[in-house]
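This report concerns only the one structure given below.
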Amino acid sequence: MRSETDPVRVDPRELPVDSFTDPDIARIAMVRMAESRAQNYGKFAQMVSEDLAQSGDYARQAMRLENSVDALFVQCAVIAERVRGTSWEVIGEATRMSAAEAEAKWGGAEARWRRASRADNTYRKQPGVHAAAADRYLTTNAPHQFSTGRPLSASLDAAAHLTGRDAAAADHAFAGASCTHCSR
């Protein structure tokens, strides 16, 4: 069996739509949202560095970014956690609230996400297209200084038959793990 760090080439656009699991789709959506947020912060930095702002623009744009970015991104991350089996207790601890508060805050969004059909959700409708875009972002735009340059699609459940990835073992390991970057 291949290691998750071995280089694997997967073209997610060639994978059958039905082969993408809910955790795959949630992870694809989260990476695409992170990419969008990074672009918005990049535009903000450009505005500041090129002094393109008018009076009040720094604060106005920062508030717009804070209000639009954080809440939706955290919601997307919580949904991705839930579809991979993470408990409300763990999510509550990670977000500094009780399990009941976490479920009250994001439970409805998770339920709506689970009920969404392909017609309702572009990530469910074209997961391969979005995974390929996420791969391009992760492997060419250097989103993070610690990036391995490894495409998201190599770790998707939908590609497990191509990569030799043990999806069940990965999901089991994920349920008890925390990101070393996030715990700093």
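Return yes or no: is S117 open to solvent by 40 Å² or more (accessible area, probe 1.4 Å) and in contact with a Gly (Cβ under 8 Å, 6 or more places away or on another chain)? Here the answer is no, as S117 does not meet what is asked. Contact map, the stretch 82-109: first residue over 17 Å from L72 (Cα atoms), second residue open to solvent by less than 40 Å² (accessible area, probe 1.4 Å) and not small (G, A, S), Cβ cut-off under 6 Å, separation 6 or more or different chains; pairs are R84/P23; R84/D171; A99/W88.
Number of residues in the stretch 8-22 that are part of a helix (DSSP H, G or I) and crowded, with 21+ Cβ neighbours inside 10 Å: the value is 1. Figure legend. Inter-residue proximity from the stretch 15-40: first residues of a type in the set (F, W, Y), second residues crowded, with 20+ Cβ neighbours inside 10 Å, beta-carbon distance below 6 Å, spacing 6+ or different chains. Indicated pairs: F20/P127; F20/A158.
In the condition set (1) at pLDDT 90 or above; (2) open to solvent by less than 60 Å² (accessible area, probe 1.4 Å); (3) within 17 Å of M30 (Cβ to Cβ); (4) in a helix (DSSP H, G or I), V129 is compliant with all but (2).
The values are calculated or read from the model by the stated rules, or taken from the named source; none is laboratory data. Model, not experiment: these values are computed from the prediction. Cβ: placed from backbone, ideal geometry, glycine included. Neighbour counts: every protein chain shown. These accessible areas exclude ligands, DNA and RNA; they are computed on the full protein's heavy atoms, side chains included. Shrake-Rupley method; radii C 1.70, N 1.55, O 1.52, S 1.80 Å.
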